[in-house]
Amino acid sequence: MTAASPRTVEATYVNGLLRPLEPIRDSEGQVYFVTILNIESIRSRKRSQPTKSLRGKYRGFLSSADEFASSKQAEKALVSS
């Protein structure tokens, strides 16, 4: 794997170790940068009004473009004040 080809794999936590659910197939001893997201906590945060145009596994998890734009404006206002 090179720096230009990031990928996401699911893993389970067993006896103090993260174990990928699929083989990584890379050099033995390779060091990785790992971001940990608990899938169950993400699934439980469904939005009250799911985006109607969004399809697939992220439907109900992502904001609409309008919600994103308004939250960005609020974020900019906090930074500039």
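List of remarks:
- Whole-Hz Karplus values for region 11-27 come out as 9, 10, 9, 9, 6, x, 10, 7, 10, x, 7, 9, x, 7, 6, 9, 4 Hz, taken residue by residue from phi with 6.51 cos²θ - 1.76 cosθ + 1.60 and θ = phi - 60°; glycine and proline positions read x.
- Loop-located GluC sites (Glu not before Pro) in region 8-46, at most 12 other Cβ atoms within 10 Å (DSSP): E10, E28
- In sequence order, region 66-71 has phi-based couplings of 5, 5, 4, 4, 5, 5 Hz under the Karplus curve 6.51 cos²θ - 1.76 cosθ + 1.60, θ = phi - 60°, and Gly or Pro positions carry x.
- Distant-in-sequence amide contacts of A11, defined by a placed amide H-H separation under 5 Å and a gap of 5 or more residues or a different chain, comprise L21.
- With R₀ fixed at 22 Å, the C-beta to C-beta distance from E10 to Q30 puts the FRET efficiency at about 0.70.
- Amide hydrogen proximity for S64: with H placed 1.01 Å from N in the peptide plane, no residue at 5 or more positions away or on another chain lies under 5 Å.
- Residue-count net charge about Q73 - beta-carbon cut-off 13 Å; Lys, Arg +1, Asp, Glu -1: -1
None of the figures in this text is laboratory data; all of them are computed from the coordinates on show. No experiment lies behind these values; they were computed from the predicted model shown. Cβ: placed from backbone, ideal geometry, glycine included. Neighbour counts: every protein chain shown.
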